[in-house]
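What follows is a short report on a single structure.
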Amino acid sequence: TFEECGNVSSGSYCRKAFRVIINPATPPGTYFVNSTATWRNNNTYINSTFSSTMIHVNPNPQVEVPEEGIENYVIHNTSKIVGNFTVKSIGNADVQDITFSIVGGTLPSAWVSFIPSSISYISPGNEVSVDVNVTVPPDEEGFYWANISVKTGNDGEDWLWLNLTTGGIVVDLEAGGPYIRASLPTVVIVGNVSWFYGEPIEDASVSLTIYSASTPIKTLQTQTSS
């Protein structure tokens, strides 16, 4: 920058300051800011003085993960990639030894795996996408949540959230049924078929088999709408 002091009387001074802004991606090293001041005496002779300020930029590895999290559902007894997130190096040095884990919450860590499972390093300005795979055991139904920890060997750590709903097709029979009507020799079974997550089941096929002891007597089937 260029600034003027104007006339400076004897015994007075003109003070100027400069600000140095270092971009986070500036490579480590030693840098110099040179300052030159020139002035004119009464005899019109131009004088000049020079100074240099030394600035040291140290290695500064930084990792960035997205603020938004992952929300999905998985049918029990299945495995599914529920989403992904990116890990980005935004500093001026490699981000090293990056690991992932489930921190807190109600989601069992044994259900979750990451692809890749870890990252040895990410060089400045680059990023890596990580898939989150969830395997739900049989008959696990409910809402689960947890934080995904992204931790680096450079002692940095960040989090994003993971919300997961698990379940499958649920059949609820009416209390007291099945039963036989008093007026007619008819077996009556009343119940609801639903999808745990709350979304409709498209064109569900419902089968009902009637047994005498262990012998199947009759099978009834119906096709439902949503």
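Points to keep in mind about this one:
- Residues of segment 205-225 that are more than 14 Å from Val188 (Cα to Cα), of a type in the set (A, V, I, L, M, F, W, C) and open to solvent by less than 80 Å² (accessible area, probe 1.4 Å): Val206 alone.
- When residues of segment 59-73 are limited to those that are open to solvent by less than 50 Å² (accessible area, probe 1.4 Å) and either among the basic types (Lys, Arg) or not in a strand (DSSP E or B) (or both), the one farthest from Val132 (Cα to Cα): Pro61
- Segment 214-226, residues that are part of a loop (DSSP other than H, G, I, E, B) and modelled with pLDDT of 85 or more: Ser214
- Scan of segment 1-49 for residues that are part of a loop (DSSP other than H, G, I, E, B), at pLDDT 85 or above, of a type in the set (S, T, N, Q) and open to solvent by less than 80 Å² (accessible area, probe 1.4 Å), ordered by number: Ser9, Ser12, Thr26
- Residue within segment 84-93 that is charged (D, E, K, R) and closer than 30 Å to Gly168 by Cβ present: no
- Of all residues in segment 74-87 being in contact with an Asp or Glu (Cβ under 9 Å, 6 or more places away or on another chain) and open to solvent by 70 Å² or more (accessible area, probe 1.4 Å), the one that is farthest from Ile21 (Cα to Cα): Asn77
- For beta carbons closer than 8 Å, sequence separation of 6+ or different chains, a first residue in segment 9-34 that is touching a residue at least 24 places away in the same chain (Cβ under 8 Å) and a second that is among the aliphatic types (A, V, I, L, M) and assigned to a loop (DSSP other than H, G, I, E, B), the qualifying pairs are Pro24/Ile90; Ala25/Ile90; Pro28/Ala93.
The values are calculated or read from the model by the stated rules, or taken from the named source; none is laboratory data. Please read these numbers as outputs of a predicted model, since none were measured by experiment. All Cβ positions, glycine included, derive from the backbone under ideal geometry; neighbour counts span all protein chains shown. Accessible surface is based on the protein model in full, side chains and every heavy atom, while ligands, DNA and RNA are left aside. Shrake-Rupley method; radii C 1.70, N 1.55, O 1.52, S 1.80 Å.
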